[in-house]
Amino acid sequence: QVQLVESGGGLVQPGGSLRLSCAASGSTNVIYEMGWYRQAPGKQRELVATITLGGSTNYADSVKGRFTISRDNAKNTVYLQMNYLNLEDTAVYYCSAQSFLSTYWGQGTQVTVSS
């Protein structure tokens, strides 16, 4: 089993920045990819960004150029630096970890962009 704990969400004004963190524990040796997803009220959960063990990244078009995903393999932690936030970025952000057999999810952290 893998446990994921997110932190770093909060309230920010449009144009502001936030940094999310996700720490993995447990059987972390089975993880080959980690990522961030988000779910806004009334919408489906959607991909934000993913990063492989080797550092390859993938971003949703809506966040390219504004968000940066990174990971510290030694700390089993993945980060999401979010810049130039806008109202449409308001959502619960979920950390994910992918093994060959399972997908693990964190409990989610709220990001609210509001003036």
Any idea what the dipole of the chain comes to, in debye rounded to 20, about its Cα centre with Lys/Arg Cβ at +1 and Asp/Glu Cβ at -1? 60 debye
What figure, in Å² to the nearest 10, do you get for the accessible area of Phe67 with a 1.4 Å probe and non-protein molecules left out? 10 Å²
Heads up, I need the accessible area for Val5: 1.4 angstrom probe, whole protein in place, Å², nearest 10. 90 Å²
Using θ = phi - 60° and the Karplus curve 6.51 cos²θ - 1.76 cosθ + 1.60, what whole-Hz ³J(HN,Hα) does each residue of region 90-100 get, with Gly and Pro shown as x? 5, 4, 8, 9, 10, 8, 10, 9, 10, 10, 6
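The values are calculated or read from the model by the stated rules, or taken from the named source; none is laboratory data. What you see is a predicted model; the values in this text were computed from it and never measured. No Cβ is skipped: glycine too gets one built from the backbone with ideal geometry, and neighbour counts run over all protein chains shown. Keep in mind that these areas ignore ligands, DNA and RNA; they rest on the heavy atoms of the full protein, side chains included. Shrake-Rupley method; radii C 1.70, N 1.55, O 1.52, S 1.80 Å.
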